[in-house]
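**Student:** Have a look at this one before I ask anything.
The values are calculated or read from the model by the stated rules, or taken from the named source; none is laboratory data. A quick note: this is a predicted structure, and the numbers were derived from the prediction, not measured. When we count neighbours, we look across all protein chains shown, and the Cβ atoms used for this are built from the backbone with ideal geometry, even at glycine. Just so you know, the surface numbers come from the protein's heavy atoms only, side chains and all, with ligands and any DNA or RNA stripped out. Shrake-Rupley method; radii C 1.70, N 1.55, O 1.52, S 1.80 Å.
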Amino acid sequence: MKLIKDQSFGGERPLFGIEDTRLENITITDGESGIKQCRNVEAANCRFYGKYPWWHVDGARIDNCYFALGSRSAIWYTDNLVMRNSRIDGPKFFREMKNVELENVVITDADETFWKVDGLKLKNVELHGGTYPFMLSKNIYVDGLKSDAKYVFQYCQNVEIHNADILTKDAFWECENVTIYDSTLDGEYLGWHSKNIRLVRCHLAGEQLLCYGQNIVLEDCTFDAACDRVFEYSTVEADIKGHIEEIKNPTSGHITADSIGRVTIDQYLRQPGNCIITERT
């Protein structure tokens, strides 16, 4: 493998078309498309300041690197990427990609990040700020995620999440086949219009959670005291630990909780309207 180290590059496409190359202590100072149309490229201890530095790369390994604010839209159309121990300050990363793996990565502006990614693995990743990360992505596995971005995981398919702490709004909308374990989900309008959502040992906070859903399953989950209007127009199988303040108009299924503040069934209940709701005795 060719080695390029201890150099700075700027301007237009300075490393265009490189293959089987390792970059060490490299700085992309300005310009556009520093590493483009490349194959099998490793980068260690590098810094990226210019726009669009990693486009159309097949096979990339990025370790202990820094992407500055000016490196917006830095990694698109790049398949088979592994990034570890890095920091990203730029928005709109990771689009139209396949087989992406991140470990110990902090993203400080998660705006429009991870769009249309097929095959995404995250381990110990932080997302801060921005809107709509993970839009239209599929085949996602997460173990360790802290996120305060808004509108996360919309229009996603085949998602498995462990040990996440997500503070958000309108998350997991119109998703299909999502399982979340041992996580905290805090946000209004969680999981609307989604199919096959399974939550295991999760704590939920926010208003009007899990509405308009099909095949919503909760196992040993807890709810914040302020949660209300939960499960409206959803088909539900839920085992809830502790108290839930309000259940409203579930369409069908079974809901069991240690205690229930109130059950609201009104004239807007949708058929078949036969959900069985019980408190443990």
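**Student:** Suppose all protein chains stay in the model; what accessible area per residue would a 1.4 Å probe give for the chain, in Å²?
**Tutor:** On a per-residue basis, 43 Å².
**Student:** Right, here's the next one. GLU12 to ASN104: FRET efficiency via 1/(1 + (r/R0)^6), r the Cβ-Cβ distance, R0 25 Å, to the nearest 0.05?
**Tutor:** It comes out at approximately 0.20.
**Student:** Here's another thing I want to ask about it. Using the Kirkwood radius over Cα pairs, work out the Stokes-Einstein diffusion coefficient for segment 224-281 at 4 °C and 1.567 mPa s, in µm²/s as a whole number.
**Tutor:** Result for D is 116 µm²/s.
**Student:** Calculate how large, on average over all directions, the projected area of the Cα convex hull of the chain is; give the answer in nm² to one decimal.
**Tutor:** Over all viewing directions, the chain projects a mean Cα-hull area of 13.8 nm².
**Student:** Could you work out which residue, out of PHE16, PHE114, PHE48, moves most in a Gaussian network model of the chain, that is, has the largest mean-square fluctuation with Cα springs under 10 Å?
**Tutor:** Largest GNM mean-square fluctuation: PHE16.
**Student:** While we're on this one: Note the full-extension length gain between VAL82 and LEU3 as 0.36 nm times their separation in residues minus their Cα-Cα distance, in nm to one decimal.
**Tutor:** Between VAL82 and LEU3, full extension yields an extra 26.6 nm.
**Student:** To the nearest 0.05, what FRET efficiency results for GLU32 and HIS128 with a Förster distance of 25 Å applied to their C-beta separation? Before the final figure, lay out the partial values.
**Tutor:** On the way: r = 26 Å, r/R0 = 1.03.
After rounding, the FRET efficiency stands at 0.45.
**Student:** Further question on the same structure: For the chain, which whole-number percentage of the solvent-accessible area (1.4 Å probe, protein heavy atoms only) is attributable to carbon and sulfur atoms?
**Tutor:** Result for the chain: 43 percent of the exposed heavy-atom area is carbon or sulfur.
**Student:** Could you pull the Rg and Dmax for segment 92-165, using just the Cα atoms, both in Å?
**Tutor:** For segment 92-165, the Cα-based Rg and Dmax read 10.5, 26 Å.
**Student:** Hey, could you get me the Stokes-Einstein D for segment 1-134, Kirkwood radius over alpha-carbon pairs, 37 °C and 0.692 mPa s, rounded to whole µm² s⁻¹?
**Tutor:** 232 µm²/s
**Student:** Once you keep just the Cα pairs under 8 angstrom separated by 6 or more residues, what percentage relative contact order results for segment 202-281?
**Tutor:** Relative contact order here is 24 percent.
**Student:** In percent, how large is the relative contact order of segment 35-151, given Cα pairs closer than 8 Å and 6 or more residues apart?
**Tutor:** Worked out over segment 35-151, it gives 17 percent.
**Student:** Shape of segment 122-281 from its Cα gyration tensor (a ≥ b ≥ c, root eigenvalues): rounded if a/c is under 1.5, otherwise prolate when a/b > b/c, or oblate?
**Tutor:** prolate
**Student:** Just to confirm a number: summing +1 for Lys and Arg and -1 for Asp and Glu over residues other than GLU96 whose beta-carbon lies under 15 angstrom from that of GLU96, what do you get?
**Tutor:** Cβ neighbours under 15 Å give a net charge of +2.
**Student:** Next up: Mean separation of Cα pairs under 8 Å and 6+ residues apart, divided by the residue count of the chain: what relative contact order is that in percent?
**Tutor:** This gives 7 percent for the chain.
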